[in-house]
Amino acid sequence: MRRVSLVRAAHLNVYLAALREIGEPVDRNLKSAKLPSTVEETPDVYLCVPQVLACVSASGSDTAMELGFIAAQRAKLGDLRPEFQRAILDAPSLFARLNTILTHAPREDGALVSAIGYEGDSVRVTCDLAGFHRSAALAYSEWLQIQAVISIVRSVAGSDWCPEEMTFVSRHEPPDAACEAFPNTRILMHSRQTSVLVPQALIGFPCPPIEQPADETGNPMASRDGLPDALETIREIVKAYLPDRPLRTVELADLLGTSERTLQRHLARQGLTFHGLVAEARYQVACQMLAQPDAKITDIAFSAGYQHTSHFSRAFRRVAGVAPSTYRRSLTHS
């Protein structure tokens, strides 16, 4: 049986809003592509990717890149599944945030294939629609993938950050609005992949803390199992014990006034294991100390709960995507 790629209706709705904005007959396009007329009211239903592309491309190929760029500017974090949003917000480093695309994006769009590869002093984040490279409708979707990567990098590097290079599979020329928005970026068309080039100096950077939602008394919101909804609160508890020794699962559960099993389920719902939680806490402690020029690597490793610097370096790289020494050097050039 032929594999059918599915995408959440929320992503089609971004395009439908852009089409309505320019006066396109959205209802007729939906009917022509044999899509439900209620998709704009049901963002969580799944649709077949070829039908979605057919609906969007019904407006004509001459406006493909322009419409794709307009739609990408309208896309927002709230369009994603709640667990995807949480994974992005809770990621401790930019590298971890970019990795959320690899692990969560296929549940948003089954045709999306992402990867992170190292190229000299940069990393290339690719986000291709598998099986659609020969489709003329690809031009409509590429900007959405590109903008998603750029938004994630900007969440750490700042809203003015622009990539050195972006590549598109499409043969269409980029719209004038895109060239104005990215005047110093190489925009390469008819490439092998849809991708964004990100400096290695950025990927190890920690993500800024997010504001935790509070209840009517001003206390952090708790989940249905009574535990803090934001992982940052739990990480702070773990960090306090690292110089002595990392907490065990049962010890952290006891501190939080819950059972070990409940804690593990709580972390699993947010796509994390207890081991991953501790690794992220260690990474945050290490980043704070690496910013101190006089701090020795051995002292940093010990403060993060490691007995050997080699173990520390490997663990740091798994979270940050770069070695501690590379991260420290990047601080002097940022």
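The values are calculated or read from the model by the stated rules, or taken from the named source; none is laboratory data. Small disclaimer: the values here were computed from a predicted structure and weren't measured. Cβ coordinates were reconstructed from backbone atoms using ideal geometry, including for glycine residues, and neighbour counts include every protein chain displayed. Side chains included, ligands, DNA and RNA excluded: accessible areas come from the protein's heavy atoms. Shrake-Rupley method; radii C 1.70, N 1.55, O 1.52, S 1.80 Å.
At a 1.4 Å probe radius, carbon and sulfur cover how many percent of the accessible area of the chain?
52
Compare the peptides 277-284, 183-190 by average per-residue count of other Cβ atoms within 10 angstrom and give them in order, highest first.
Answer by packing, highest mean first, reads 277-284, 183-190.
Tell me the relative contact order for the chain as a rounded percent, counting alpha carbon contacts under 8 Å between residues six or more apart.
Averaging sequence separation for qualifying contacts and normalising by length gives 15 percent for the chain.
So for the chain, Kirkwood radius off the Cα pairs, Stokes-Einstein at 20 °C and 1.002 mPa s: how many µm² s⁻¹?
99
Could you work out the pair-distance distribution P(r) of the stretch 266-334 from its alpha-carbon pairs, with 5 angstrom bin width and percents rounded to whole numbers?
3, 17, 29, 23, 13, 8, 5, 1
Two decimals, Cα atoms only, Kirkwood Rh: what is Rg/Rh over the stretch 48-118?
Working: Rg = 14.5 Å, Rh = 14.1 Å.
Checking Rg against Rh, the ratio lands at 1.03.
What is the gain in length, in nm to one decimal, between Ala291 and Arg134 on full extension, counting 0.36 nm per residue of separation less the C-alpha to C-alpha distance?
Contour length minus the Cα-Cα distance gives 51.8 nm.
Suppose only helical runs count, i.e. DSSP H with n ≥ 4. What mean residue ellipticity at 222 nm does that imply for the chain under -39500 (n - 2.57) per run, divided by all residues and rounded to the nearest 500 deg cm²/dmol?
That calculation yields -15000 deg cm²/dmol at 222 nm.
Hey, if you put +1 on the Cβ of every Lys and Arg and -1 on every Asp and Glu Cβ in the stretch 1-57, which of Ser5, Leu16, Thr42 ends up farthest toward the positive end of that dipole?
Projecting each Cα onto the dipole axis, the largest value belongs to Ser5.
Mind checking the log10 I(q)/I(0) for the stretch 241-285 at q = 0.18, 0.20 Å⁻¹? Debye, one equal scatterer per Cα, no solvent, two decimals.
Ignoring solvent entirely, the Cα scatterers give -0.52, -0.63.
For a bin width of 10 Å, list the pair-distance distribution of the stretch 91-206 built from all Cα-Cα distances, rounded to whole %.
In whole percents, the pair-distance histogram is 14, 49, 33, 5.
Could you compute how fast the stretch 1-152 diffuses translationally, taking Rh as the Kirkwood radius over C-alpha pairs and applying Stokes-Einstein at 25 °C with viscosity 0.890 mPa s? Give it in µm² per second. Before the final figure, lay out each step's value.
Details: Rh = 16.0 Å.
Translational diffusion coefficient: 154 µm²/s.
Give the peptides 125-133, 191-199, 291-299, 235-243 in descending order of average Cβ contacts within 10 Å, highest first.
191-199, 125-133, 235-243, 291-299
Which whole-number value in Å² is the accessible area per residue of the chain, probe 1.4 Å?
Per-residue value: 50 Å².
Quick one: if the Förster radius is 35 Å, what FRET efficiency do Asp254 and Glu41 give, using the C-beta to C-beta distance and rounding to 0.05? Write out the running numbers ahead of the final one.
Values: r = 46 Å, r/R0 = 1.31.
Once rounded, the FRET efficiency stands at 0.15.
Taking the Cα centre of the chain as origin, work out the dipole magnitude from +1 charges on Lys and Arg Cβ and -1 charges on Asp and Glu Cβ, in debye rounded to 20.
Dipole about the Cα centre, nearest 20: 1140 debye.
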